[in-house]
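**Student:** What follows is a single structure, and I will ask about it in a moment.
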Amino acid sequence: MTRSLRGKRVLVVGASSGIGRAFAIQAGKEGAQVVLVARRKEKLDDAIAEAGTGTPVAADIADPAGAAAVAEAARTTLGEVDLLFCSVGVAPLKMFADTDSDDWESVMRTNVVGVHQLIRHALPVLAEGAIVGALSSESVGQQRAALGAYAASKAALMSSFDAWRTEHPGLRFCTIAVGSTIPTEFADAFDPELLGSVLEDWIWRGLVQETLMTPDAVADAIAGMLAGIIDHPDVGLDHAVIKPPSAPRRM
């Protein structure tokens, strides 16, 4: 049986780049009704042009008003949502001792609080049995130097999904930990000198694979996985891990 999101009502947040963009395009090409959300509308327009379909919503879920606006746009455009896929995430590359309160506030506001507020506002438009998926990271449980705040935020995100799952058993909440993927904009703001230093440490600890994944391949895998269960409300997927299968890179 061919797995497809055809006919599904899909809300993708973080759709301007990386895995979120690739997922939105994949869903659109499969025949889903897609609302694409990100801060940069011109990037959303580019993704919609490639997908051949979709509705753009320029909003920032780190802003409480932005999260509410996304839910309202989904209600107006889709009526109900069968699949909410959240690909947002920010990460300062800083050694833990150098991570200040502003860094913590930025990371938690987007990666945890923003996602929570998005789901809270979206609850009234989520169809019975809808899937709410969000990207986590393999850094949870496999700590990397200079990504301490980011890993902690993703651990908090996963714990928050446990709370949603407990209180709303009629919905399906799934976190998807993703390994090294390029090209994305994740590391664009990283300090090159510090990145070079900590990358050596990551490799020495066996935390970097010989081969890396592409956003298109990861998005295709996620779309296939979620499409396989979306029509089976008795099947849940609490947590998944997608990572390169190759051996760790060595110094």
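**Student:** Quick check on the chain: helices-only [θ] at 222 nm, where DSSP H runs of length 4 and up contribute -39,500 (n - 2.57) each and the sum goes over total residues. Nearest 500, please. Please list the in-between numbers first.
**Tutor:** On the way: 8 runs with 104 residues, N = 251.
Helix contribution divided over all residues of the chain: -13000 deg cm²/dmol.
**Student:** Search the structure for amide H atoms under 5 Å from the amide H of Asp191, placed 1.01 Å from N in the peptide plane, and list their residues when 5 or more places away or on another chain.
**Tutor:** Long-range HN contacts for Asp191: Leu93.
**Student:** What is the chain's relative contact order, in percent, from Cα pairs under 8 angstrom and six or more apart in sequence?
**Tutor:** Working: 481 pairs, mean separation 51.0, N = 251.
RCO, the chain: 20 percent.
**Student:** Still on this structure, I have one more. Work out the charge dipole of the chain with +1 on the Cβ of Lys and Arg and -1 on the Cβ of Asp and Glu about the Cα centre, then indicate which of Ala187, Ile222, Val12 is farthest towards its positive end.
**Tutor:** Ile222
**Student:** Over the stretch 139-251, what relative contact order in percent results from Cα pairs under 8 Å that are six or more residues apart?
**Tutor:** Normalised by residue count, the contact order of the stretch 139-251 is 37 percent.
**Student:** Compute the acute angle (0 to 90°) between the alpha-carbon long axis of helix 41-51 and the principal axis of greatest extent of the alpha-carbon atoms of the chain; round to the nearest 10°.
**Tutor:** Result, in degrees: 70.
**Student:** Would you please state which residues of the stretch 38-53 a label at Thr2 would reach in this model, taking the label point 7 Å out along Cα→Cβ and a backbone N cut-off of under 19 Å?
**Tutor:** 51-53, by backbone N distance to the label point.
**Student:** Given just the C-alpha atoms of the stretch 1-154, how large is their convex hull per residue in cubic angstrom?
**Tutor:** Each residue corresponds to 119 Å³ of Cα convex hull volume.
**Student:** Let me ask something else about it. When only Cα pairs under 8 Å and 6 or more residues apart are kept, what is the percent relative contact order across the stretch 24-69?
**Tutor:** Once divided by the residue count of the stretch 24-69, the mean separation gives 37 percent.
**Student:** Helix 215-230 versus the longest principal axis of the chain: what is the Cα-based angle in degrees, 0 to 90, to the nearest 10?
**Tutor:** Tilt of helix 215-230: around 40 degrees.
**Student:** Report for the chain the percent antiparallel among DSSP-assigned beta bridges with both residues inside it, nearest 5.
**Tutor:** Once the DSSP bridges in the chain are tallied, antiparallel ones form about 5 percent.
**Student:** Going 7 Å from the Cα of Asp162 in the Cα-to-Cβ direction, what parts of the stretch 220-251 have a backbone nitrogen less than 15 Å from that spot?
**Tutor:** Hits in the stretch 220-251 for Asp162 at 15 Å: 238-240.
**Student:** Helix 64-78 versus the longest principal axis of the chain: what angle, 0 to 90°, nearest 10, using Cα atoms?
**Tutor:** That works out to roughly 40 degrees.
**Student:** Turning to a different aspect of this structure: Which distance in Å, rounded to a whole number, links the C-alpha centroids of the stretch 207-251 and the stretch 92-153?
**Tutor:** One Cα centre to the other: 19 Å.
**Student:** Let me ask something additional. Is any residue of the stretch 72-109 close enough, with backbone N under 16 Å, to a label point placed 7 angstrom from the Cα of Gln143 along the Cα-Cβ axis, and if so, which?
**Tutor:** 94-100
**Student:** Can I ask one more? Could you sort 118-129, 142-153, 23-34 so that the peptide with the highest average Cβ count within 10 Å comes first and the rest follow in order?
**Tutor:** Order by mean packing, descending: 23-34, 142-153, 118-129.
**Student:** Can you pull the one-decimal nm distance between simple spin-label points at Leu194 and Met95, each 7 Å off the Cα toward Cβ?
**Tutor:** Reported label-point gap for Leu194 and Met95 is 1.0 nm.
**Student:** Additional query: Full extension from Glu185 to Glu105: what is 0.36 nm times the residue separation minus their Cα-Cα distance, to one decimal in nm?
**Tutor:** On the way: separation 80, 0.36 × 80 = 28.80 nm, distance 2.03 nm.
Taking Glu185 through Glu105 to full extension adds about 26.8 nm, to one decimal.
**Student:** Ratio of alpha-carbon Rg to the 2.2 N^0.38 Å globular estimate for the stretch 107-217, to two decimals, please.
**Tutor:** 1.22
**Student:** Take every Cα-Cα distance within the stretch 1-82, group them into 10 Å bins from 0 onward, and report for each bin the whole-number percent of pairs it holds.
**Tutor:** Per 10 Å bin, starting at zero, the Cα-Cα P(r) for the stretch 1-82 comes out as 22, 53, 22, 3, 0 percent.
**Student:** Next question. Where the only charges are on Cβ atoms (+1 Lys, Arg; -1 Asp, Glu), what is the dipole of the stretch 128-251 about its Cα centre, to the nearest 20 debye?
**Tutor:** It works out to roughly 360 debye.
Read the figures in this text as sums done on the coordinates, not as results from a lab. These figures come from a predicted structure and were not determined experimentally. For neighbour counting, all protein chains shown are included, and Cβ atoms are generated from backbone atoms with ideal geometry for every residue, glycine included.
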